[in-house]
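Enquirer: Got a structure for you, questions after.
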Amino acid sequence: MTCFFCKGAMQAELTTHLAQVGGCIVVVKGVPCSKCTQCGEVTYNGAVAGRLEQITDELEKSLTEIAVVNYSAA
């Protein structure tokens, strides 16, 4: 697989995903991704993207401004 932006090689890694949803900032650590070895661009497969959406939707309803969770535990 090659990077959409620079055509570099993509490598399986774990990353930290940051999202701002409404008034809540969500940090999800240990997210499986493909990361470009050349430019650092990160992409997620469909299952991971769907799970990240579920996690952020659940945490948006909480009464906290900042939430930090581990992907594997969420």
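The values are calculated or read from the model by the stated rules, or taken from the named source; none is laboratory data. Remember, it's a predicted structure, so these values are computed and weren't measured experimentally. All Cβ positions, even for glycine, are placed from backbone atoms using ideal geometry, and neighbour counts span all protein chains on display.
Enquirer: Is it true that some residue in the stretch 38-53 is more than 12 Å from the chain's Cα centre (by Cα) and outside any loop (DSSP other than H, G, I, E, B)?
Expert: The answer is no, given that none of the residues of the stretch 38-53 is more than 12 Å from the chain's Cα centre (by Cα) and outside any loop (DSSP other than H, G, I, E, B).
Enquirer: Where residues in the stretch 59-74 are modelled with pLDDT under 85 and over 14 Å from THR16 (Cα atoms), which of them is surrounded by the fewest Cβ atoms within 10 Å (Cβ to Cβ)?
Expert: Checking each candidate, the answer is LEU63.
Enquirer: Looking only at the stretch 15-74, count every residue that is closer than 24 Å to PHE5 by Cβ, free of Cβ contacts under 8 Å to residues at least 24 places away in the same chain and among the aliphatic types (A, V, I, L, M) and tell me the total.
Expert: Looking only at that region, the number is 4.
Enquirer: So THR16 passes all but one of these: (1) at pLDDT 95 or above; (2) in a loop (DSSP other than H, G, I, E, B); (3) of a type in the set (Ser, Thr, Tyr). Which condition number does it fail?
Expert: Only one criterion is unmet by THR16, namely (2).
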